[in-house]
Amino acid sequence: MENAKSVKLILEDGTEIQGQSFGAFTSAAGEVVFSTAMTGYPENLTDPSFAGQILVLTYPMVGNYGVPGEELYESISKIFESDKIHIAGLVVNYYSEEHSHWNAAKSLGDWLKEYNIPGIFGVDTRMLTKILREKGAMLGKIVAEEDVELHDPNQDNLVAQVSPTQVKHYGNGQHKIVLVDCGTKTNIIRCFLQRDVELIRVPWDYDFTKIDYDGLFLSNGPGDPKMCTATIGHLQTALGQDKPIFGICLGSQLMGLAAGGDTFKLKYGHRSHNQPVKLTGTQRSYITSQNHGFAVDTDTLPAEWTMLFENLNDGTCEGIKHKTKPFFSTQFHPEAAGGPEDTEYLFDDFLKAVAEHKAAK
Ligand SMILES: NC(=O)CC[C@H](N)C(=O)O
């Protein structure tokens, strides 16, 4: 891009990288994390799990397929994972303002401008990723004209910032599922609506134990799961019953915490579309889409819980399950947009558990 203004990326360890501005010419602070996914920036940027984060993309050319226009499916976005950009800033190597794709409606830079989010290009993002892998995810800032303070988003209750304040209903299928929205990706809603469900989407701190549901679902979401004390409290009540429960990503961490286990922060997290996980007790592995910085500490799980999936790169917990009750979770994203769809069958497993539980009543 010609005539782009200079901006800097500054990390908390003092690393300073000069680059050029695209998107909004403004400063922003956050936690600097990297993703090695090769595509999917429209989905990543709108995933509420990224709230407060400055996202570094290792794929070297970004923007060349543009950004799709908004289309709706059952009153939710057909493509995006929410109705706005959630990242704090974007760091890329080569930015392509020119774009070409059958459904492109605008450039990535124009889209970032609409939401006042800064981007920086001309950064060797693979070198930067080596720093983040060695030292761990760090605080950082993109500095345009005005300087800003470093800020740790994990100290904030980000879930309260991205969760809706109203209850919403979707679909009229036979299984009544409560979706606790801690920052849900819309593809989770789409996955449910393609199945036989009536979905009740409730805020993160809503007392869902008052609803006579058939199954409970806990969504993904941003920040430290320990901030969600209200959700954990309601979940503990639900764990005292037998109705099926399924959690994804933050939802998995909340299940671990409500069960009495602990969570911890990974050194630099898992963000990509090719994370291998193994189903415990089998030799079967799946390629999964992931975006998390925290994980359940398997060693802290109570005796009636066990690890359901294990990450084959670093051995960390990628899901848990109760040994006798129909409660299970994944740390990865089985609904995966973008990314591999190998594990979407888990939605069917959950609804099968719901149907069986209803039949046994
Ligand atoms: N995608 C998610 O739900 C992320 C969960 C949590 N915020 C983490 O970073 O681990």
Original post:
Going out from 0 in 10 Å bins, what whole percent of all Cα-Cα distances in the chain drops into each bin?
Top reply: 5, 26, 34, 23, 10, 2, 0
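When DSSP assigns beta bridges and you keep just the ones with both residues in the chain, what percent turn out antiparallel, to the nearest 5?
Values: 45 of 75 bridges.
In the chain, DSSP labels about 60 percent of beta bridges as antiparallel.
Report in % the part of the accessible area of region 6-155 that belongs to carbon and sulfur, leaving out ligands and nucleic acids; probe 1.4 Å.
Details: 2990 of 6480 Å².
After summing per-atom areas, the C and S share lands at 46 percent.
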Original post:
Rounded, prolate or oblate: which fits region 6-155 when a ≥ b ≥ c are the square roots of the eigenvalues of the alpha-carbon gyration tensor, with rounded for a/c under 1.5 and prolate only if a/b beats b/c?
Top reply: prolate
**OP:** Per residue, how big is the convex hull around the C-alpha atoms of region 106-169? Give it to me in cubic angstrom, could you?
**Re:** 192 Å³
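What FRET efficiency comes out for the pair THR209/LEU72, r = Cβ-Cβ distance, R0 = 35 Å, nearest 0.05?
On the way: r = 32 Å, r/R0 = 0.90.
Efficiency at R0 = 35 Å is approximately 0.65.
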**OP:** Mind counting lysine pairs for me in region 150-245? Cα separation below 23 Å, and the two need to be 8 or more apart along the chain or on different chains.
**Re:** 9
Original post:
ASN64 versus SER100, label points 7 Å from Cα toward the beta carbon: distance in nm?
Top reply: 1.0 nm
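For region 78-147, give the magnitude of the charge dipole about the Cα centre (Cβ charges: +1 Lys/Arg, -1 Asp/Glu; no others), in debye to the nearest 20. Walk me through the intermediate numbers first.
Numbers: 9 positive and 11 negative charges, 76 e Å.
That gives region 78-147 a dipole magnitude of about 360 debye.
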**OP:** Work out, step by step, the length gained on full extension between ASP196 and GLU356: first 0.36 nm times the residue separation, then minus their alpha carbon distance; give nm to one decimal.
**Re:** 56.2 nm
Subject >> Computed magnitude of the charge dipole of region 47-113 (debye, nearest 20; Cβ of K, R +1, Cβ of D, E -1) >> reply: 160 debye
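By the gyration tensor of its Cα atoms, with a ≥ b ≥ c the square roots of the eigenvalues, what is the shape of region 159-217: rounded for a/c under 1.5, prolate for a/b over b/c, or oblate? Could you put the intermediate results ahead of the total?
Values: a/c = 2.30, a/b = 1.31, b/c = 1.75.
Judged from the Cα gyration tensor, region 159-217 comes out oblate (a/c at least 1.5, b/c at or above a/b).
With a 1.4 Å probe and all protein chains left in place, how much accessible area per residue does the chain have, in Å²? Please report the intermediate quantities before stating the final value.
On the way: 14670 Å² over 361 residues.
Per residue, the chain has 41 Å² of solvent-accessible surface.
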**OP:** For region 6-155, calculate the relative contact order in percent as a whole number, restricting contacts to Cα pairs under 8 Å that are 6 or more residues apart.
**Re:** 38 percent
**OP:** Name the aspartates and glutamates eligible as straight-distance cross-link partners of LYS5: C-alpha to C-alpha under 14 Å, and not fewer than 8 places from it in the same chain.
**Re:** GLU145, GLU146
**OP:** Write down the radius of gyration of region 196-301 and its Dmax, each obtained from C-alpha positions, in Å.
**Re:** 14.7, 41
Original post:
Residue farthest toward the positive end of the dipole of region 106-212, with Cβ of Lys/Arg at +1 and Asp/Glu at -1: which of THR184, VAL123, VAL197?
Top reply: VAL197
Original post:
Among the aspartates and glutamates, which fall within straight-line cross-link reach of LYS130, defined as a Cα-Cα distance under 15 Å, with same-chain neighbours fewer than 8 residues apart omitted?
Top reply: ASP13, GLU16
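Please say if region 158-360 is rounded, prolate or oblate, where rounded means a/c under 1.5 for a ≥ b ≥ c the square roots of the C-alpha gyration tensor eigenvalues, and otherwise the choice is prolate for a/b larger than b/c and oblate otherwise? Please list the in-between numbers first.
Values: a/c = 1.32, a/b = 1.26, b/c = 1.05.
Cα axes put region 158-360 in the rounded bin.
Accessible area, 1.4 Å probe, largest first: how do LYS135, LYS278 sort? Mind showing how you got there, number by number?
Numbers: LYS135 125, LYS278 50 Å².
The ranking, largest first, comes out as LYS135, LYS278.
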**OP:** Please list MET307, MET127, MET255 in order of solvent-accessible area, largest first, computed with a 1.4 Å probe with all protein chains present.
**Re:** MET127, MET307, MET255
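Rounded to a whole number, what % of the accessible area of region 237-301 do carbon and sulfur atoms account for, probe 1.4 Å? Present the calculation step by step, with values, prior to reporting the outcome.
Values: 1040 of 2280 Å².
Ligands and nucleic acids excluded, carbon and sulfur give 46 percent.
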Original post:
If you place +1 on the Cβ of every Lys and Arg and -1 on the Cβ of every Asp and Glu, how big does the dipole about the Cα centre of the chain come out, in debye to the nearest 20?
Top reply: 700 debye
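The values are calculated or read from the model by the stated rules, or taken from the named source; none is laboratory data. None of the values given here were measured: they were computed from a predicted structure. Note that each Cβ is placed from the backbone with ideal geometry, even for glycine, and that neighbours are counted across all protein chains shown. Remember, those area values only see protein heavy atoms, side chains included, never the ligands or the DNA or RNA. Shrake-Rupley method; radii C 1.70, N 1.55, O 1.52, S 1.80 Å.
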